[in-house]
Amino acid sequence: MKKTVFNTHYNKYKFTAMLFKLCNALTTFQLMMNSILQNLLNKFCLIYLNNILIFFNSISDHQKHLQIILSILKKHKLYVKSSKCTVETEILEFCKHIVKQNTLWSVSIKISVIKNWSASKTAHYVQQFLELTSYYWQFVQEFAQIAALLLNLLKKNNIELCTKKN
């Protein structure tokens, strides 16, 4: 962290921990973690910003994977805070999703926003709704058919015709 060095009249100081409020700190940290754990990514770990997910089929696998990752981090003088770790869990909330045994669920608060979205009267609101919901395509059965109906509304001012009929 050479860029975090600063001078005073008395001495030169540098941070020993990355300050995440610094410009591009999260991006820099993500790149560093990706390069350090490059050979393990998508084999049994996933990194997102300051989170390392270690997936496993058995507890013994998990312990081996954990040991490998911790030794690599230690080699690079990086340390984990045990109070922020969750180990050997089958259910985990991560990036507003619930991860459990090869399945991924969205957190219900996000879905409730979509369910309670008011009826759209302009093409702009239909576009906004489609942008919001398109992320959740994997959670909605037959999403493509539903989205196609909404996209059809955007063609040739169909939305104005639909609102006049109602």
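The values are calculated or read from the model by the stated rules, or taken from the named source; none is laboratory data. Everything numeric here is computed off the predicted structure, so don't read it as measured data. Counting neighbours? That spans all protein chains shown, and the Cβs are built from the backbone with ideal geometry, glycine included. For the accessible areas, the whole protein counts, side chains as well, though only heavy atoms, and no ligand, DNA or RNA atoms are used. Shrake-Rupley method; radii C 1.70, N 1.55, O 1.52, S 1.80 Å.
Evaluating 6.51 cos²θ - 1.76 cosθ + 1.60 at θ = phi - 60° for every residue in segment 33-38, the Karplus couplings come out as 5, 4, 6, 5, 9, 3 Hz, glycine and proline recorded as x. If R0 is taken as 41 Å, the Cβ-Cβ distance between H76 and L149 corresponds to a FRET efficiency of 0.20.
Rounded to the nearest 0.05, the FRET efficiency derived from the C-beta distance between L26 and T122 at R0 = 30 Å is 0.25. Note: relative contact order over segment 68-109, using C-alpha pairs below 8 Å and six or more positions apart, is 19 percent. Given the pairs K75/K100; K77/K100; K43/K84; K96/K121, which are separated by over 25 angstrom at their Cα positions? Where the Cα-Cα span goes over 25 Å, the pairs concerned are K75/K100; K77/K100; K96/K121. The residues of segment 67-149 expose on average 81 square angstrom of accessible surface per residue, using a 1.4 Å probe on protein heavy atoms.
If you sort Y125, Y79 by accessible surface, 1.4 Å probe, largest first, the order is Y79, Y125.
Largest accessible area first, the listed residues V99, V126 line up as V99, V126 when surface is computed with a 1.4 Å probe on the assembled protein chains. Using only protein heavy atoms and a 1.4 Å probe, report how much of S83 is accessible, in Å² to the nearest 10. So the heavy atoms of S83 present about 90 Å² to solvent.
Listed by chain and number, the aspartates and glutamates placed with their C-alpha closer than 19 angstrom to that of K64 are E88, E90; residues fewer than eight positions away on the same chain are left out. In this view, the solvent-accessible surface of L70, computed with a 1.4 Å probe and all protein chains in place, comes to about 70 Å².
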